[in-house]
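The next block holds one structure in the form of structure tokens; read it before the comments.
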Number of protein chains: 2
Amino acid sequence: MDDAPTLPHVVILGGGFGGLTAARGLAGASVRITLVDRRNHHLFQPLLYQVATAGLSAPSIAAPLRQILRRQDNLTVLLDEALDVDLQERRVRFAHETLDYDFLVVATGATHAYFGHDAWARWAPGLKTLDDAFAIRRRVLLAFERAERENDPAERRAWLNFVVVGGGPTGVELAGTLAEIARHTLPREFRRSNPHSARVVLVEAGPRLLAAFDPVLSAKAQRQLERLGVEVRTGTAVTAIDGAGVCLGEAPLPAYTVLWAAGVAASPLGRQLDTPLDRAGRVRVAADLSLPAHPEVFVIGDLACVERADGSLVPGVAPAAKQMGKHVAGRIRARVDADSTPAPFHYRDQGALATIGRMAAVAQFGRLRLSGPPAWWVWLVAHIYFLIGFRNRLVVLLDWAWAYWTYERSARIVTGADADDIPTADERPADSP
Amino acid sequence: MDDAPTLPHVVILGGGFGGLTAARGLAGASVRITLVDRRNHHLFQPLLYQVATAGLSAPSIAAPLRQILRRQDNLTVLLDEALDVDLQERRVRFAHETLDYDFLVVATGATHAYFGHDAWARWAPGLKTLDDAFAIRRRVLLAFERAERENDPAERRAWLNFVVVGGGPTGVELAGTLAEIARHTLPREFRRSNPHSARVVLVEAGPRLLAAFDPVLSAKAQRQLERLGVEVRTGTAVTAIDGAGVCLGEAPLPAYTVLWAAGVAASPLGRQLDTPLDRAGRVRVAADLSLPAHPEVFVIGDLACVERADGSLVPGVAPAAKQMGKHVAGRIRARVDADSTPAPFHYRDQGALATIGRMAAVAQFGRLRLSGPPAWWVWLVAHIYFLIGFRNRLVVLLDWAWAYWTYERSARIVTGADADDIPTADERPADSP
């Protein structure tokens with residue numbers, strides 16, 4: 001490794017789908033790679049809602065970045081957090097060290113956003129990390145426990161009202177699963193309260209669910225959700241969220257469990273790249289995903305704002321991030337070989353899938369439209385196929401088969417009992433003594 | 001259920017092995033049962049060290065109490081914490097309600113104890129709950145990450161020194177597994193530091209490991225640990241633990257990861273039962289496990305101090321707690337039927353097992369002594385057999401088979417990144433800037 005320092009140094013920020021694919025795409029290339037992430041694991045985010053709803057354990061959908069990449073000799077994994085980027089000096093400062101780069105790939109993704117209502121975060125957690133999923137799991141499971149312990153009917157009602165804000169795929173998945181838990185998993189297990197009487201309300205400000213899908217599928221998704229017992233409120237704005245519940249327009253709805261699936265904002269690192277951002281904070285990259293003024297810096301994944309030929313934007317989904325990672329790895333290989341032929345990124349739409357519940361899903365591929373059991377089977381096979389790690393696939397399949405036959409959920413454990421991130425009944429203004 | 005209030009009310013405090021077995025033993029009896037636990041799950045504690053060392057996910061060894069007991073119609077599960085017991089009024093006050101009882105079963109177990117050195121808890125976490133296991137997993141995995149990031153050789157050394165205090169089964173299991181992780185799981189994955197150079201030191205104040213076992217097996221366990229790379233220090237007292245490491249007698253050992261497996265103290269609820277306690281805080285019960293002055297109150301499991309005919313004490317292990325739970329269920333059934341024939345509890349020793357690493361374990365059953373692969377196979381079959389839930393058994397077997405062939409550990413994820421319960425390098429007195 002004595003000649004290593006003379007090789008160009010590629011620094012990749014973020015080990016999500018984009019960063020991981022870029023790193024793998026550089027296997028065997030004449031570069032030194034340092035992949036830096038704040039967390040030690042790659043997360044299979046499409047199944048994160050199942051961790052939040054106690055269907056899967058966290059290790060089933062997360063794998064250590066070091067383990068995934070251990071055979072790639074030209075790569076070092078570091079656990080650290082990027083603080084700022086100096087484009088002139090080609091240097092990234094992290095919490096614990098500083099790295100100089102020849103090529104930089106920024107793949108730090110997005111987090112959830114409350115559109116200026118940051119106070120809502122306390123009452124309506126979002127879902128981006130495993131810790132978010134544990135917080136939601138804890139709230140959902142404890143809500144049923146509180147209802148069981150509660151004697152006041154209005155209080156019990158508020159503990160059994162669940163509101164999901166946002167009718168995109170995550171909101172649809174969360175609402176459908178909550179309804180299944182209330183109707184199928186829990187009813188036999190409580191003696192004083194009746195989980196079956198829980199209300200699950202899915203609120204969407206726009207005119208229909210799953211706006212990225214064909215309107216026909218949006219309508220089918222809504223019907224499937226309603227059949228599961230979810231109340232769908234489209235065209236309804238949430239105007240307030242606090243300890244008592246939500247306001248839907250003018251109408252207050254008492255609910256002690258509110259989940260946020262409404263908005264994402266790009267990673268704040270984008271602001272340091274001296275490049276215009278779009279309204280969601282994403283970086284407007286050049287056609288090859290580099291910064292217009294800094295061809296050695298690439299932005300990929302949910303942090304990149306990429307326009308397609310028809311003027312639409314490349315969506316913030318896993319397949320897009322992977323395609324961008326692969327593209328950038330190719331660009332870096334070409335540039336190391338002194339090949340600077342322009343090569344714009346082309347997004348290949350692989351279709352869209354959203355699951356709703358058992359045997360309930362919607363899918364579109366090109367002109368093909370699926371819903372119900374066929375869409376659900378496509379969803380299942382695709383997610384098992386793309387899930388990282390052979391062991392994880394087996395465990396997840398086993399969990400799903402088990403859950404399908406028994407309606408049990410395998411990860412129904414509440415931990416973190418001393419954590420204060422869950423507002424208790426005592427903190428809620430509407431609470432009885 | 002109109003006649004339900006007229007049935008005798010049995011309140012069981014704690015859903016561990018003792019409380020759960022007592023509850024099941026009263027299935028179909030003419031009583032109303034309320035089982036109260038602070039947590040929503042029963043925990044299979046014998047495998048907790050595997051969650052702490054990233055070998056198993058938490059849901060693999062924990063199941064919701066409600067789910068386990070859902071078919072038992074005479075039973076209600078409550079999530080609450082017992083605050084005090086009023087023996088005269090036959091009433092238990094919980095954090096959120098108060099219950100009157102006709103029979104009380106106290107099965108609240110034990111926690112780890114630092115023998116008056118409570119300040120050590122910050123630096124040397126113990127292992128009793130899932131949250132403890134997550135805290136240990138986090139520290140162990142992050143120690144290797146810090147070593148990778150560290151340039152100062154002395155600091156790196158301190159991050160790669162692991163000290164386990166206490167040579168009982170938990171200490172032996174933790175030390176053996178840590179050595180396997182350092183030598184087999186991680187070495188290929190780090191570029192700057194060498195996990196293989198990690199030192200794992202197991203410290204025991206007494207003259208030998210596994211004091212409850214035959215001395216021949218203690219010696220075999222020590223040899224098997226040493227073969228795995230563990231440094232065993234028997235007859236060595238830990239005199240100090242702080243942010244810099246431990247003192248073994250007079251000798252300081254710099255170590256940033258110290259795990260506590262040395263002592264347990266009975267649940268503080270025992271102090272409220274107006275009955276003499278032994279030195280470890282356990283309640284000295286009558287021959288039938290009731291309180292001498294209150295035959296309607298029973299104490300079982302790790303909280304009970306039960307003398308055997310030969311003067312030795314019943315050990316604080318799962319089989320003992322289960323036998324006590326079963327015995328008490330029988331006593332309550334008899335008393336409800338107005339049968340007050342004395343029936344003393346007899347402990348049936350089912351042998352002892354401790355695992356050390358792959359194909360390394362010790363076991364004794366009556367006069368039979370096993371070590372190495374035969375003991376390991378007995379350990380494996382026994383633990384799979386007793387593990388609660390069919391699904392869990394399959395998942396655990398799959399995880400173990402996978403780990404056996406690949407040396408990978410399936411739950412190597414660090415979560416809780418914002419939690420401040422892990423002392424960071426910056427807080428450590430010995431830390432370089």
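Laboratory data are not the source of any read-out in this text; all were calculated from the coordinates shown. Bear in mind that the values here come from a model prediction, so they are computed numbers and not experimental data. Backbone-built Cβ (ideal geometry, glycine too); neighbour counts: all protein chains shown.
Some observations on this one:
- Residues with amide H under 5 Å from that of residue A:34, placed H, sequence gap 5 or more: A:10, A:11, A:12, A:76
- FRET efficiency for the residue B:88 to residue B:205 pair, using the beta carbon distance and R₀ = 41 Å, is estimated at 0.45.
- Between region B:127-173 and region B:295-364, the alpha-carbon center distance in angstrom: 34
- Computed over region B:352-413, the P(r) tail beyond 13 angstrom holds 65 percent of alpha carbon pairs.
- Mean-position separation - Cα centroids, region A:245-290 and region B:268-288, in angstrom: 57
- A Stokes-Einstein calculation at 25 °C with viscosity 0.890 mPa s, built on the Kirkwood radius of region A:87-176 over Cα pairs, returns a diffusion coefficient of 146 µm²/s.
- Considering only the Cα atoms of region A:52-99, their convex hull presents on average a projected area of 5.4 nm².
- Translational diffusion coefficient of region B:304-346 (Stokes-Einstein, Kirkwood radius from Cα pairs, 25 °C, 0.890 mPa s): 214 µm²/s.
- Within straight-line cross-link reach of residue B:220, aspartates and glutamates at Cα separation under 20 Å, skipping those fewer than 8 residues along the same chain: B:173, B:180, B:204, B:231
- Across peptide A:141-150, the average count of Cβ atoms from other chains found within 10 Å of a residue's Cβ is 3.
- For region B:205-274, a/c is not less than 1.5, where a ≥ b ≥ c are the root eigenvalues of the C-alpha gyration tensor, and a/b does not top b/c. That puts it in the oblate class.
- Cβ charges +1 (Lys, Arg) and -1 (Asp, Glu), total dipole of the protein assembly as shown, debye: 2700
- For residue B:385, the label point sits 7 Å beyond Cα toward Cβ; its separations from the matching points on the remaining copies run 4.4 nm, from shortest to longest.
- Stretch gain in nm, segment residue A:279-residue A:401, where the contour uses 0.36 nm per residue and the Cα spacing is subtracted: 39.7 nm
- Global form of region A:131-287, assessed from the alpha-carbon gyration tensor, a/c cut-off 1.5: prolate
- Inter-chain shielding of B:64-71 (mean C-beta neighbours from other protein chains, 10 Å cut-off): 5
- In summary, the lysines within cross-link reach of residue B:128, defined as a Cα separation below 20 angstrom excluding same-chain residues under 8 places away, comprise B:322.
- Projecting the Cα positions of A:280, A:266, A:356 onto the charge dipole of region A:237-375 (unit charges on Cβ atoms of Lys, Arg, Asp and Glu, taken about the Cα centre) puts A:356 furthest along the positive direction.
- Computed [θ] at 222 nm, helices only, for chain A once each DSSP H run of length n ≥ 4 contributes -39500 (n - 2.57): -8500 deg cm²/dmol
- Here the chain A residue lying nearest the rotation axis onto B, judged by its C-beta and given with the distance in whole angstrom, is A:57, 2.
- If R0 is taken as 56 Å, the Cβ-Cβ distance between residue A:381 and residue A:98 corresponds to a FRET efficiency of 0.80.
- Three-way shape label, region B:43-141, alpha-carbon gyration tensor, a/c 1.5: oblate
- Expressed per residue, the C-alpha convex hull volume of region A:233-347 stands at 143 Å³.
- If the segment from residue A:367 to residue A:7 were pulled out straight at 0.36 nm per residue, it would be longer than the present Cα-Cα gap by 124.9 nm.
- Hydrodynamic radius of the protein assembly as shown per Kirkwood, over alpha carbon pairs, in Å: 29.2
- Placing +1 on the Cβ of every Lys and Arg and -1 on the Cβ of every Asp and Glu, with no other charges, gives region B:243-374 a dipole of roughly 380 debye about its Cα centre.
- Here r is the Cβ-Cβ distance between residue B:121 and residue B:312 and R0 is 35 Å; the resulting FRET efficiency, rounded to 0.05, is 0.70.
- Placing unit charges on the Cβ atoms of the charged side chains and taking the dipole of the protein assembly as shown about its Cα centre, the candidate lying farthest along the positive direction among A:306, A:327, A:252 is A:327.
- Shielding of A:7-14 by partner chains, average beta-carbon count, 10 Å: 0
- DSSP beta bridges in the protein assembly as shown [antiparallel fraction, %, rounded to 5]: 50
- Nm distances between copies for residue A:214, ranked from closest, using label points 7 Å along Cα→Cβ: 7.3
- Per residue, the convex hull spanned by the alpha carbons of region A:256-308 comes to 94 Å³.
- Rough spin-label spacing in nm, given labels placed 7 Å along Cα→Cβ, for residue B:196 and residue B:346: 5.6
- Selected from B:31, B:376, B:346, residue furthest toward positive end of dipole (chain B; charges at beta carbon): B:376
- C-alpha long axis of helix B:373-386 to longest principal axis of chain B, angle in °: 40
- Shortest-first nm distances, residue A:309 label point to equivalent points in other copies (7 Å, Cα→Cβ): 9.0
- Hydrodynamic estimate: the Kirkwood radius of chain B over Cα pairs, inserted into Stokes-Einstein at 4 °C and 1.567 mPa s, corresponds to D of 56 µm²/s.
- Counting only DSSP beta bridges whose two residues both lie in region A:14-146, roughly 65 percent are antiparallel.
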